[in-house]
Amino acid sequence: MAKTALVTGILGQDGPYLAKFLLGKGYKVYGMVRRYSNPNFDNLDFLGITKKVEYVEGDMTDESSLITNIKNIQPDEVYNLAAQSFVGGSWHQAKLTTEINALGVLYLLNAIKLFSPTTKFYQASTSEMFGLGNTNGYQDENTCFHPRSPYGISKVYAYWTTVNFRESYGLFTCNGILFNHESPIRGIQFVTRKITDGVAKIKKGLADKLYLGNLEAKRDWGFAGDYVEAMHLMLQQEKPGDYVVGTGESHSVQEFVELAFKYVGLDNWRNYVVTDPRYKRPAEIHELKAKTDKVKKILGWQPKMPFEELVKTMVEADLKRYEH
Ligand code: NAP
Ligand code: G4F
């Protein structure tokens, strides 16, 4: 019989890539969506799978909706990708961020514990939990957490709740501690997509400036399509565990900007980029860089798309969007 997976956050960036990957493996995929007067299926459309997913309604802040979904579906696997995932916005909506990202995970795990305890659970943890923490310039599974935003703090709660349900109740729960991963369907507020969209608009004569915050921050950027494979692998192991997933390379925002402008033949990016204090954060993380020995050794996973190709793929997709 086909395996069943419930994916929360199905309309975001990772949800569609994961759903496509699972459908390719023969899974029946349920996607949880919030009630909206006008839901947006663009990302699933982009990957051509909108009609292949079965949708159920639910909200991470509404425990009863999570219970109903777990009870009805009895999924083999739950991938919890739902979150208020924008770090910059988390200072303005700290309570909401905490309710969705932290308490929502407690509700979902409780529902699994009570109504479907053999379900395997994946939690979308993040390198933002490390914040200032590092081990010789890298972050791995043993690096201390020192989050720098309400988002990072909410994810630390969710991380430990995931570990605690494993240790207290014997549930199969895993944390994927993923470093930044991007794609042509990355949300427009995140810096990579903001840059590639801005570059495309400038190239097409639709804008003349791109307003950005801290250009010096460094991130470990990979491709979302590669990272969902690691999520799936975690739940196929004999034992549950927590894994750092990244490329092991870090690049500055400025490097991303330079490559993106260069790709469209605009060599002097300084003519277009304006630094705007509105996009600077109250507390910044200067550099994140993954040490990925564990995920390579145990899951046999490694990233496939190099940084330059990621930039190029995103710029090309945005140029195409403005051709219509
Ligand atoms: P994303 O594009 O922001 O997608 C998040 C999804 O969560 C959206 O579909 C959103 O629904 C849904 N959501 C938000 N609040 C909800 C609620 N109250 N109830 C139900 N659903 C809700 O994020 P992503 O980039 O795909 O990331 C997926 C997950 O991985 C997130 O948990 C994120 O924190 C984590 N993560 C991401 C990265 C990364 O670099 N992308 C790295 C590490 C960890 P709507 O579409 O209705 O708004
Ligand atoms: O693209 P960002 O907003 O991503 P950030 O904050 O690293 O968070 C993303 O990755 C995390 C994993 O580490 C996820 F957990 C999280 O959900 C999200 O997906 O910002 C990247 C860097 C930051 O240092 C920021 O200050 O870019 C800098 N930046 C400079 N100018 C900007 C801008 N960020 C944004 N969003 N917009 C700017 O104009």
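The values are calculated or read from the model by the stated rules, or taken from the named source; none is laboratory data. What you see is a predicted model, and the numbers here were worked out from it, not measured in a lab. FYI the Cβ positions are ideal-geometry reconstructions off the backbone, even for glycines, and counts take in every protein chain you see.
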What are the pairs, 6+ residues apart or on separate chains, where a residue within the stretch 35-55 that is surrounded by fewer than 17 Cβ atoms within 10 Å (Cβ to Cβ) has its Cβ under 8 Å from a residue that is hydroxyl-bearing (Ser, Thr, Tyr)?
Glu54/Tyr30; Tyr55/Tyr30
For Ala317: the one exception among (1) more than 14 Å from ligand 2 (Cβ to nearest atom); (2) assigned to a loop (DSSP other than H, G, I, E, B); (3) of a type in the set (Gly, Ala, Ser):
(2)
Counted residues, the stretch 174-190 - those being under 29 Å from Thr161 (Cβ atoms) and among the β-branched types (Val, Ile, Thr)
2
For Phe223, indicate whether it is in contact with a Leu (Cβ under 6 Å, 6 or more places away or on another chain), buried (at least 16 other Cβ atoms within 10 Å of the Cβ) and closer than 30 Å to Leu106 by Cβ.
no
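Residue-wise test of (1) more than 26 Å from His181 (Cβ to Cβ); (2) at pLDDT 95 or above; (3) not small (Gly, Ala, Ser).
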position: Leu11; (1), (2), (3): no, yes, yes
position: Leu22; (1), (2), (3): no, yes, yes
position: Arg34; (1), (2), (3): no, yes, yes
position: Gly48; (1), (2), (3): no, yes, no
position: Ser64; (1), (2), (3): yes, yes, no
position: Gln74; (1), (2), (3): yes, yes, yes
Is there any pair linking a residue in the stretch 58-85 that is of a type in the set (Ser, Thr, Tyr) to one that is part of a loop (DSSP other than H, G, I, E, B), with Cβ under 6 Å and at least six apart or on different chains, and which?
Ser65/Gly58; Ser65/Asp59
I'd like to check something: does the stretch 81-91 contain any residue that is at pLDDT 95 or above and more than 22 Å from Ala224 (Cβ to Cβ)?
yes
Going through the stretch 106-122 one residue at a time, which ones are out of contact with any Gly (no Cβ under 8 Å at 6 or more places or on another chain) and either of a type in the set (S, T, N, Q) or within 16 Å of ligand 2 (Cβ to nearest atom) (or both)?
Asn110, Ser116, Thr118, Thr119
Within the bounds of the stretch 118-125, is there any residue that is small (Gly, Ala, Ser), within 13 Å of ligand 1 (Cβ to nearest atom), outside any loop (DSSP other than H, G, I, E, B) and closer than 26 Å to Glu238 by Cα?
yes
Count of the stretch 310-324 residues which are out of contact with any helix residue (DSSP H, G or I) (no Cβ under 6 Å at 6 or more places or on another chain) and within 23 Å of Ile177 (Cα to Cα)
1
In the stretch 226-258, the residues that are of a type outside the set (Asp, Glu), away from ligand 2 (no atom under 15 Å from the Cβ) and either part of a loop (DSSP other than H, G, I, E, B) or under 30 Å from Leu319 (Cβ atoms) (or both)
Leu235, Gln236, Gln237, Lys239, Pro240, Gly241
Name, by its number, the condition in (1) assigned to a strand (DSSP E or B); (2) of a type in the set (S, T, N, Q); (3) more than 27 Å from His286 (Cβ to Cβ) that does not hold for Asn164.
(1)
Those helices (runs of 4 or more DSSP H) lying entirely in the stretch 1-105 with at least 1 residues within 15 Å of ligand 2 (Cβ to nearest atom), of a type in the set (Ser, Thr, Tyr) and within 30 Å of Gly213 (Cα to Cα):
14-24, 94-98
For a quick check of your reading of the model, give me the residue pairs whose first member lies in the stretch 1-28 and is within 22 Å of Lys71 (Cβ to Cβ), whose second is away from ligand 1 (no atom under 16 Å from the Cβ) and small (Gly, Ala, Ser), with beta-carbon atoms closer than 8 Å and at least 6 apart or on different chains.
Ala2/Gly26; Lys3/Gly26; Tyr27/Ala2; Lys28/Ala2
Qualifying residues in the stretch 232-288 (those that are over 27 Å from Thr162 (Cβ atoms) and among the β-branched types (Val, Ile, Thr)) - the one surrounded by the fewest Cβ atoms within 10 Å (Cβ to Cβ):
Val274
Cβ-Cβ distance below 6 Å, separation of 6 or more or different chains: which pairs start in the stretch 185-207 with a residue that is more than 16 Å from Asn40 (Cβ to Cβ) and in a helix (DSSP H, G or I) and end on one that is more than 13 Å from ligand 2 (Cβ to nearest atom) and of a type in the set (Phe, Trp, Tyr)?
Val199/Phe261; Ala200/Tyr322; Ile202/Tyr272
